[in-house]
1. About the Cα centre, and with charges only on the beta carbon of Lys, Arg (+1) and Asp, Glu (-1), how big is the dipole of the chain? Nearest 20 debye, please.
2. Along the Cα→Cβ direction, 7 angstrom out, place labels at ASP38 and GLN106. What is the inter-label distance in nm?
3. Pull out a ≥ b ≥ c, the square roots of the eigenvalues of the alpha-carbon gyration tensor of the stretch 33-159, then state rounded if a/c is under 1.5, prolate if not and a/b is larger than b/c, and oblate in the remaining case.
4. What do the square roots of 5 times the Cα gyration tensor eigenvalues come to for the stretch 93-166, in whole Å, largest first, as semi-axes of the equivalent ellipsoid?
5. On a 1.4 Å probe surface of the protein chains, which of HIS82, HIS137, HIS53 comes out largest in accessible area, and what is the full order?
6. Return a whole-number percent for the relative contact order of the stretch 15-82, with Cα pairs under 8 Å and 6 or more residues apart as the contact set.
7. Just in the stretch 51-131: which trypsin sites (Lys or Arg not before Pro) are loop by DSSP and have at most 13 other Cβ atoms within 10 Å?
Amino acid sequence: MNDMLPSNEPAQPGFCRVNTVTRQGAPGGESLLEWLRDELDCLDVRKGCDTGHCGACAVLVDGLPVKSCSVLAQEVGARHVHTLSGLSLLKDPAVVAVLAAVDQRQPFQCGYCVPAFVLAAIALLREAPDPMEADIHAAFAGLLCRCTGYLPIVEMVMLAARSLQDGAPGQGRDGRTI
Ligand code: FES
Ligand code: FES
């Protein structure tokens, strides 16, 4: 989980894209978290510690997980921000596989950390559709879950990865529902 924005595109103050909408005038001085929640009403972006420690505020910026409390909204420039609600509308294989695995495995309890872990899992599986367990733990570095002990969430990602390999989200290699 990143505390900095991806650098593959130069920041261009003035506009960016949040989910499906092009936004102009990202404010100076506000964190990305504040802008998304307080002005754009993206309440699926969770506010936790607000100090960069819990990861609850994760969003994807140009496909990479970023702690939105740790960057300024104006730094986003012309990049594309996805929150979980916007990403859930996409039909790409990793999104479908992870959402199906969450549905089947039900790995969360209170649910406060759901956006962060789901976004991190999607970003991981887009890059590494067949990850080792260590890769999943690395992708979850900096994310806190106070309820689950992490194992069910890791298992959820492994389930999603298996379904990606099989091309049938939610099913194991032998066709059984996992
Ligand atoms: S709210 Fe951003 S890391 Fe905790
Ligand atoms: S399920 Fe409660 S914080 Fe993760």
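The values are calculated or read from the model by the stated rules, or taken from the named source; none is laboratory data. Remember, predicted model here, so these are calculated numbers, not experimental data. Cβ atoms come from the backbone with ideal geometry, glycine included; neighbour counts cover every protein chain shown. Each accessible area value is taken on the protein alone, full model and side chains, heavy atoms only, with ligands, DNA and RNA left out. Shrake-Rupley method; radii C 1.70, N 1.55, O 1.52, S 1.80 Å.
1. 280
2. Using points 7 Å along Cα→Cβ, the separation is 3.8 nm.
3. Taking the square roots of the gyration eigenvalues as a ≥ b ≥ c, the stretch 33-159 is prolate.
4. Working: eigenvalues 62, 35, 21 Å².
Each semi-axis is the square root of five times an eigenvalue, giving 18, 13, 10 Å.
5. These residues rank, largest area first, as HIS53, HIS137, HIS82.
6. Rounded, it is 40 percent for the stretch 15-82.
7. Sites meeting the loop and neighbour criteria: LYS91.
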